[in-house]
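K.L.:
Next up is a structure, given as structure tokens.
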Amino acid sequence: MKPERLTGIIVGIGFVSFLLVLWLVVSEVFLRPTCPDLLGIPACYAVLTAYGVATCAAWFPGSRAATVLFYLGAGAALAIAIWLSSCELGGTGSCPSFEGLPMCFTSLLGSSTMLALDLIRRRL
């Protein structure tokens, strides 16, 4: 597989993840509180920012600044997803769910996949 194709897949995963979290933010703002708190703010705000940064940075894989921003964004999304998933599994917190699936689990999958594909892309 070519690095350009992997870039497209990474950007696609980031964009879909961004849209899913944007849905949570809209729900948080206009309907009812849906996101667990993270350092005093709804976690979905931080996750939305993280996916936005990582997705935009993934478009420029050759730039050093973009690489740093990608790892900061995707790493932050992964760290938050790990934290919230462990809270969900441990029963100490609750993630918003979509069709019964906690969204922190989907964020865990999305962010870890983005990072794994980036590592593969860099080896090619």
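The values are calculated or read from the model by the stated rules, or taken from the named source; none is laboratory data. Nothing here was measured: the structure is a model prediction, and the numbers come from that model. Counting neighbours? That spans all protein chains shown, and the Cβs are built from the backbone with ideal geometry, glycine included.
K.L.:
Here is a list of conditions, (1) over 24 Å from Ile120 (Cβ atoms); (2) at pLDDT 95 or above; (3) touching a Gly at 6+ places or on another chain (Cβ under 8 Å), and Ser17 meets all of them except one; can you say which number that is?
P.N.:
Evaluating Ser17 over (1) over 24 Å from Ile120 (Cβ atoms); (2) at pLDDT 95 or above; (3) touching a Gly at 6+ places or on another chain (Cβ under 8 Å) leaves (1) as the failure.
K.L.:
Residue check: is Met103 surrounded by 13 or more Cβ atoms within 10 Å (Cβ to Cβ), within 16 Å of Glu4 (Cα to Cα) and under 13 Å from the mean Cα position of the chain (by Cα)?
P.N.:
Here the answer is no, as Met103 does not meet what is asked.
K.L.:
Here's something else I'd like to know. So in the range 2-19, with the set limited to residues that are farther than 16 Å from Gly73 by Cα and touching a helix residue (DSSP H, G or I) at 6+ places or on another chain (Cβ under 8 Å), which one is surrounded by the fewest Cβ atoms within 10 Å (Cβ to Cβ)?
P.N.:
Of everything passing the filter in the range 2-19, Pro3 is surrounded by the fewest Cβ atoms within 10 Å (Cβ to Cβ).
So that you can scan it fast, the table gives a plain yes or no per residue for (1) at pLDDT 95 or above; (2) under 15 Å from Ser17 (Cα atoms):
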position: Val47; (1), (2): yes, yes
position: Ala54; (1), (2): yes, yes
position: Tyr71; (1), (2): yes, no
position: Ala81; (1), (2): yes, yes
position: Glu88; (1), (2): no, no
position: Glu99; (1), (2): no, no
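K.L.:
Suppose we filter the range 20-49 for residues that are β-branched (Val, Ile, Thr), surrounded by 18 or more Cβ atoms within 10 Å (Cβ to Cβ) and closer than 17 Å to Ala74 by Cβ; how many remain?
P.N.:
2
K.L.:
Next up: If I filter the range 52-68 down to residues being part of a helix (DSSP H, G or I) and touching a residue at least 40 places away in the same chain (Cβ under 8 Å), which single residue comes out as farthest from Ser111 (Cα to Cα)?
P.N.:
Per the criteria, the residue is Ala58.
K.L.:
Just to be sure, is Cys87 touching a Pro at 6+ places or on another chain (Cβ under 9 Å) and outside any strand (DSSP E or B)?
P.N.:
Spelling it out, Cys87 is indeed touching a Pro at 6+ places or on another chain (Cβ under 9 Å) and outside any strand (DSSP E or B).
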